[in-house]
Amino acid sequence: MSHAIRPLCGEDYDQWLPLWQGYLSFYKTDLPDNVTQATWGRLVADGQQPYGLCAVEPAGRLVGIVHYLFHPVTWSIADRCYLEDLFVDPTVRGGGIGKSLIEAVYNAADAHGADQTYWLTQEFNTRARRLYDHVATVTPFIKYQR
């Protein structure tokens, strides 16, 4: 399947929203509308994080999204890149879109001088984990939260 990767822009909202909602549904979560609106505003604001990219079919339909950000760490002088959200329309999965979105984040991280790109996923996300096992290395870390 042919697709292009580009930054999200303000005109993408109506196509981004169903992908965002699909992502949230996959992880069995709901967010208040004001959080979704604030997230969208940050994604398309110049120079503000997080950053957003999308995969677009030749006809202009958005079929995937990824959001990422950079942050300093205590173990390196360079920033780290956190790939926070990745979602591909279920009707086009398996066509390389997820890999292209991850590689686009890798390219952004390299351009930023980040020394690492990382992300989290649920253990049950087996289909995505098959892709992740090809483009990254799983770590032994366990997440705790309050």
>> So, in the stretch 83-102, how many residues would count as being out of contact with any strand residue (DSSP E or B) (no Cβ under 6 Å at 6 or more places or on another chain) and either among the aromatic types (Phe, Trp, Tyr) or surrounded by fewer than 13 Cβ atoms within 10 Å (Cβ to Cβ) (or both)?
In response: 3
> In the stretch 10-20, is there at least one residue being within 23 Å of residue 117 (Cβ to Cβ), touching a Pro at 6+ places or on another chain (Cβ under 9 Å) and either free of Cβ contacts under 8 Å to residues at least 24 places away in the same chain or not in a loop (DSSP other than H, G, I, E, B) (or both)?
Replying inline: no
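Does residue 43 satisfy the condition of being without any contact (Cβ under 8 Å) to a residue 12 or more places away in the chain, closer than 25 Å to residue 132 by Cβ and surrounded by 12 or more Cβ atoms within 10 Å (Cβ to Cβ)? Even if it seems obvious, please write down each step before you answer.
Working: without any contact (Cβ under 8 Å) to a residue 12 or more places away in the chain: no; closer than 25 Å to residue 132 by Cβ: yes; surrounded by 12 or more Cβ atoms within 10 Å (Cβ to Cβ): yes.
So residue 43 does not fit the description; no.
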> Can you tell me which residue in the stretch 19-36 is farthest from the chain's Cα centre (by Cα), limited to those that are farther than 28 Å from residue 2 by Cα and surrounded by 12 or more Cβ atoms within 10 Å (Cβ to Cβ)?
Replying inline: 31
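Could you check how many residues of the stretch 48-77 are over 16 Å from the mean Cα position of the chain (by Cα) and exposed (fewer than 15 other Cβ atoms within 10 Å of the Cβ)? Spell out how you get there, then give the answer.
Initial filter on the stretch 48-77 (over 16 Å from the mean Cα position of the chain (by Cα)): 57-61, 72-77.
With exposed (fewer than 15 other Cβ atoms within 10 Å of the Cβ) added as a condition, the list becomes 58-61, 72-77.
Going through the stretch 48-77 one residue at a time, the tally reaches 10.
Coordinate-derived values only; no laboratory data. The structure presented is a predicted model; accordingly, all values stated were derived computationally and were not measured. Positions of Cβ are generated from backbone atoms using ideal geometry, with glycine treated the same way; all protein chains shown enter the neighbour counts.
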